[in-house]
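K.L.:
Just dropping this structure here.
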Amino acid sequence: MKIFTFLLFLFIAGILWGQDYSYLDNNRGTSMEPILASADPLIKEIEDKDFEIVRMEFDIVKTKKTTYRNLYKGWTYGIAAFGDYRIKDIDLTVYKEKKGRWVKIEEDAEDDDVATVSIKPRTDGKYKIVISVYEFNRGYGVGHYGLLIFHE
């Protein structure tokens, strides 16, 4: 419950919104500086609330990226995906592997540049996390995303 409340706080407070870090990019638009700068206040807020970050991932995305993580019973996880200044709408879908198939268990498909979910696994297992860019800001067709996984 603590993670869910925290994710709601992030959404309402808009920690990641309103900051334009595009000035940190290079002339080719290939620098990771803008997405790392976007992550900094979120990382500080997560750690200030005594959550432990168990995974950080930063990469380039055109449409979708998939990553995998083992999650364990007894923990509540928060997962946050966010885009740099080029990404207008990013979505996050989490699947659980069951009998060799991927079953959707959680999704954030809101219309914004941050997606968050809270998961409390009933069993240990492998999870698939899909980060999807639904819309880029005008003039862009690629951007960087950040993914943070943390628990209480």
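The values are calculated or read from the model by the stated rules, or taken from the named source; none is laboratory data. The shown structure was predicted, so the numbers you read here are calculated from the model rather than taken from an experiment. Quick reminder, even Gly has a Cβ in these numbers, built from the backbone with ideal geometry, and neighbours come from all protein chains shown. The area values use the complete protein model at the heavy-atom level, side chains included, leaving out ligands, DNA and RNA. Shrake-Rupley method; radii C 1.70, N 1.55, O 1.52, S 1.80 Å.
K.L.:
Looking for something surrounded by fewer than 19 Cβ atoms within 10 Å (Cβ to Cβ) and touching a residue at least 60 places away in the same chain (Cβ under 8 Å) - is there at least one such residue anywhere in segment 40-48?
P.N.:
Here is the first cut: in segment 40-48, the ones surrounded by fewer than 19 Cβ atoms within 10 Å (Cβ to Cβ) are 40-41, 43-45, 47-48.
Right, trim to touching a residue at least 60 places away in the same chain (Cβ under 8 Å) and you get 43.
Looking for residues that are surrounded by fewer than 19 Cβ atoms within 10 Å (Cβ to Cβ) and touching a residue at least 60 places away in the same chain (Cβ under 8 Å), one finds at least one in segment 40-48, hence yes.
K.L.:
Considering segment 135-152 alone, what residues qualify as being in a strand (DSSP E or B) and either open to solvent by less than 30 Å² (accessible area, probe 1.4 Å) or at pLDDT below 95 (or both)? Spell out the reasoning first.
P.N.:
First, the residues of segment 135-152 that are in a strand (DSSP E or B): 135-136, 143-151.
Across segment 135-152, the qualifying residues are Gly143, His144, Tyr145, Gly146, Leu147, Leu148, Ile149, Phe150, His151.
K.L.:
Right, here's the next one. Restricting segment 62-109 to residues that are part of a strand (DSSP E or B), open to solvent by 20 Å² or more (accessible area, probe 1.4 Å) and of a type in the set (A, V, I, L, M, F, W, C), which is farthest from Lys120 (Cα to Cα)?
P.N.:
Looking at the filtered set, the residue picked out is Trp102.
K.L.:
Which condition from (1) in contact with a helix residue (DSSP H, G or I) (Cβ under 6 Å, 6 or more places away or on another chain); (2) modelled with pLDDT under 95 is the one that Asp20 breaks?
P.N.:
Of everything listed in (1) in contact with a helix residue (DSSP H, G or I) (Cβ under 6 Å, 6 or more places away or on another chain); (2) modelled with pLDDT under 95, Asp20 misses just condition (1).
K.L.:
Test of understanding: among Lys128, Lys88, which residue is in contact with an Asp or Glu (Cβ under 8 Å, 6 or more places away or on another chain), of a type in the set (D, E, K, R) and at pLDDT 95 or above?
P.N.:
Numbers: Lys88 fails: at pLDDT 95 or above.
The conditions single out Lys128.
K.L.:
While we're on this one: When you go through (1) surrounded by fewer than 18 Cβ atoms within 10 Å (Cβ to Cβ); (2) touching a residue at least 12 places away in the same chain (Cβ under 8 Å); (3) assigned to a strand (DSSP E or B) one by one for Thr123, which number turns out not to apply?
P.N.:
For Thr123, the exception is condition (3).
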